[in-house]
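Below you'll find the structure, written out as structure tokens, and then a few comments.
Please treat every number below as a calculation from the coordinates, not as lab data. This structure is a prediction, so every number in the text was calculated from the model and none was measured. For neighbour counting, all protein chains shown are included, and Cβ atoms are generated from backbone atoms with ideal geometry for every residue, glycine included.
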Amino acid sequence: MKKFVPAILFTVFAFSMIVVILRFAPIGDPHLPGYAGFDHSENTEKEVWEMTKEEVVQYADSVALHYNRHSPGDTGALDIITAIIFDYRAYDTLIEATVLFTAMIGVLSIIGTKKN
Amino acid sequence: MWIKMILYRIDYIVTVILFCIGLYALILKPNLIKKIIGINILETSVYLFFIASADVRLGPATCQWAGPSEISNAAEVAHAAAGHVPLVNPIPSALILTAIVVSVSVTAISLALAIKIYENYGTLDTRKIMRLKG
Amino acid sequence: MITPKKNKEKYKTSIIVQLVTRMMCPFIIMFGVFLIVHGHLTPGGGFQGGVIIGASFILFAMAFNRQDGRDAVPSFTLKCLASIGVYLYISIGLVGIFLGYHFLTNKAAAIAPMGMFGELLSGGALFWINLGVGLTVAVICTELFYVFLEEERSPYYLENKKKLPYQRRWLDVDKDDSV
Amino acid sequence: MDLVFGIGASHLQVFIPLILLIVALMIPLIDKIDKRYRDPLVVLTTLMSGIFAVIVFLKVLSSPTHYIEYLVGYAWGGQKLLHSGQPIGIALRTDLLGAILLLLINAIGFLAVVYSLQYIQHDVPEEKHTYYYTLLLLMLAGMSGIAITGDCFNAYVFFEVASISSYALVSINGKAESLEATFKYLLIGALSSVFIVFAIGLLFNATGTLNMQYASQQIAKIIDSTPGSPYYPYRYLIFASLGLFIMGFSVKAAFFPGHAWLADAHPVAPASISALLSGLIVKATGVFLLIRFLFSIFGIHKGYYGKILSPLFLIISAITILSGSLFAIVQTQIKRMLAFSTIAQMGYILFGIALVTYNGLAGSILHIINHAIVKSLLFLCSGIIIYKTGIKDITDMGKLGYRMPVTMACFTIGACSMVGVPPLAGFMSKWVLATASFQAGMPYLVIILLLSSLLNAVYYFRVIAISYFGDPKIEVDKIDEAPKTMLVPVLILASLVFILGILVKYPYHGAALPSARLLFR
């Protein structure tokens, strides 16, 4: 009984998540909003979901595509990931270094150091 | 038809299965170290989800598209990027780099706690160390 | 490299491990530094390079006497260096404010020379931010390793030292009822 | 003044977490050099961030739109926004609710720091004082960051700073039971943070943005779409994302199924940390973000999910209120009783959210303000009792009221406010919640509020009765009043309870109602 109820709950959870996740576009589809967004630039009249992959890369207007197109010019970095984590989203990375520092201080405070 | 539907999204389904395995280890395993492993499996499943959603079919990864030797100025790079090379989505990778560091921190803290609990109680079994009844 | 001086711990690894570690450590550190300074040109950056440098210190401590490694990098120095890494990052952000732009502005504020595209000193502030983050991460990895090694024993542990099953594998504990 | 409000103030909301962060990084080094500089430095820092928070609050209040925006790393190559008007980097956005929370965090944080100058001599081992202050400042920085941010992932990172430092702070006295409670807290917290990252991933993939304001526009488009529209399939992702967010944040906010960790973790911490945990952490990482996501992003007030979520929240809040109050009655330790009382009060806040009306949300915001102050006051008072006498059980507290008159008077004020005695702050927020439930057409819900107030009276008046009229169990004569640095924060909080109760129109009409109006836009 103690293991039966969580098993049923897990199954229900997994099933509902799978049902939800099947609503995603297939893997690799360039029309996923995370990649292409819902907007397009002034150069075209087509909506994003009517475009081919090449047209998406050229005309769709989203943050991801902006990073892919303009990060070398905006930041001077060749590597796009570095351009994002150290320039566009640099505030996150600062706080992330702080998280590591917090973990160090936390471990020191929990374990303590040997007194020499 | 539905097999095609599932096969095209197989990474997402693996994500959900991994998520449930991690949740199982976290909630039902009595050993504290196994619970920590459960947290790590959970986090890994979320990373897999992010990276799978970043893919664009036949698109090169963001690091693959140009080397420093081939391209020498920003205008050329911008031209190469705008319209000719369908690179994958770079944002999930960047977010996951942050999330990994957070996961490392949480793991470090939880391992430190596990060591201290083992010293104080002599066991890692939650069924034996449960004194507080919330 | 640090040579064993005063700490005679009975912790010995084979000569092969020690020799290979001696040979590899400079190269591992060099690879980490390469990843950090080329962070804006190639995949990798402060975090990855920092972890690699930290791993080299950990490898050194595992192959040789632990206490020698700790003498080379005491806790206070490591905490100082971690803070200095984050301060480098914050100060680069603050320079943007003092030049009349927003926090962490890079190119528009031109707080560091942008250089030729694709060269080592291009990317303005990214190079310096990478250095700061790399320093912080390398130092924190090492510090965490040493803290876990030399944890302070609690009073309960010192009292019941012989009773506790310290040699047993951790994952078997939940099958065992004798504890 | 013009300088502060003009040029400098545009950067102030970045400076508040930053200044706490800079000093937190400095403390281990200062401590090594000279220990005497540490305490003044920490007090000055929190005072400064408190002043900054007041300025930000006044600036937000005086601006016509009731929010201020700030783009971090603004102007990449001169271009600021996408074609669709979306910022490409991280945008900070301090609206009125965030400014209220920022003010609360920095004010109560300052008082807790002043209080802990004396208190931690007793409860925290000597060699851990430096870590205590570092983690405390980091926790305040994380919570301040949550209050000011306008970006989902940035909120998550700040959430982790606040959470990780609070894990370490709960276990800082190194006792066995606090380690156990911390581990429970950590597992639950890690689970909730995984849910939140997953939900952020779903939200990002469904809307294509991480910016809160822009995400809310996209969500409105997706939910309003009809079958056949290309937006339509993504509504399931939005539902799943909302569900995961609710699960993650309601565990952190200690709503009913996930409330068990709070009753263990809050009492074992040092009293100053318990005050911050119950007063602020639960609200910043739980309820504030829940309100932010439900209203500002997912737009629950637009009637999208109201038919399912509102009754669900009402049931959860009723169970949370009643179970928290009932468990509090049977407790013998005072801090544990206060922790269960926190669970019940979180139920009140959820009650206001669940009504999904304008007045209900205002009542719940007012209750956030009042409960943060009152619960900090109560925990600090119980900390004084433990510091001076070592008493943890309620039954041992006989005749303490005569030996420690100021402390017990402040405790009585806080307890009366919790029960809902009319001129005090707690009564006002309960009144607003009750009127809101009448206006929402659900008058029978007032019964829950009344019943819970009755239960509150049972366990709070028991403490007061024992401490004034009970038989002393220990040598009462040697006990005297606590040192001044511990009494002054308590007195300030107690007077705030009075002031916010009598002059209720300033927090209600000045802050709670406009911020609710802003969220309902």
Out of every Cα pair in the stretch D:136-212, what percent are spaced more than 21 Å from each other? 36 percent
In this model, which of D:Lys59/D:Lys252; B:Lys116/D:Lys184; B:Lys34/D:Lys283 are farther than 21 Å apart at the alpha-carbon? D:Lys59/D:Lys252; B:Lys34/D:Lys283
For the stretch A:30-111, what relative contact order do you get, as a whole percent, if you take Cα pairs closer than 8 Å and at least 6 residues apart? 20 percent
Largest first, please: the extent of the C-alpha atoms of the stretch D:104-146 along each principal axis, to the nearest Å. 31, 17, 10
Given a Förster distance of 30 Å, report the FRET efficiency between B:Leu28 and D:His122 from their Cβ-Cβ distance, rounded to the nearest 0.05. 0.15
Could you pull the Rg and Dmax for the stretch D:84-196, using just the Cα atoms, both in Å? 16.3, 58
Projecting each Cα onto the charge dipole of the protein assembly as shown (Lys/Arg +1, Asp/Glu -1 at the beta carbon, about the Cα centre), which of D:His83, D:Gly189, D:Ile51 comes out farthest on the positive side? D:Gly189
Reported to two decimal places, what Rg/Rh ratio describes chain D when computed on Cα atoms with Rh from the Kirkwood expression? 0.97
Cα centroids of the stretch D:180-218 and the stretch D:73-142: how far apart, whole angstrom? 19 Å
Tell me, what is a quarter of the convex hull surface for the C-alpha atoms of the stretch D:467-520, in nm² with one decimal? 6.9 nm²
Around D:Asn205, under 15 Å between beta carbons, what's the net of Lys plus Arg minus Asp minus Glu among the other residues? 0
FRET efficiency for C:Thr13 and D:Val330, Cβ-Cβ distance as r, R0 = 45 Å, nearest 0.05? 0.20
Excluding A:Ala25 itself, calculate the net charge of residues whose Cβ lies under 13 Å from the Cβ of A:Ala25, where each Lys or Arg counts +1 and each Asp or Glu counts -1. +1
Please report B:Lys35, D:Lys35, D:Lys399, D:Lys302 as a ranked list, fewest other C-beta atoms within 10 angstrom at the top and most at the bottom. D:Lys35, D:Lys302, D:Lys399, B:Lys35
Using alpha carbon positions and the Kirkwood radius, the Rg to Rh ratio of the protein assembly as shown is 0.96
What helices in chain A pass both tests, a Cα length along the helix axis of 27 Å or more and a mean Kyte hydropathy of 1.6 or higher, using whole DSSP H runs? A:90-111
The convex hull of the Cα atoms of the stretch D:314-384, divided by residue count, gives a volume in Å³ per residue of 55 Å³
In units of 2.2 N^0.38 Å, what is the alpha-carbon radius of gyration of the stretch D:15-156? 1.21
Between helix D:425-439 and chain D, what is the angle of the helix's C-alpha long axis to the longest principal axis, kept within 0 to 90° and rounded to the nearest 10? 40 degrees
When you have a sec, figure out the Kirkwood radius of the stretch D:427-521 from all distinct Cα pair distances and drop it here in Å to one decimal? 17.2 Å
Expressed as a whole percent, how much of the Cα-Cα distance distribution for the stretch D:305-521 exceeds 22 Å? 50 percent
Ratio of the stretch C:15-152's C-alpha Rg to 2.2 N^0.38 Å, to two decimals? 1.21
Along each principal axis, Cα extent of the stretch A:30-111, largest first, Å: 61, 26, 16
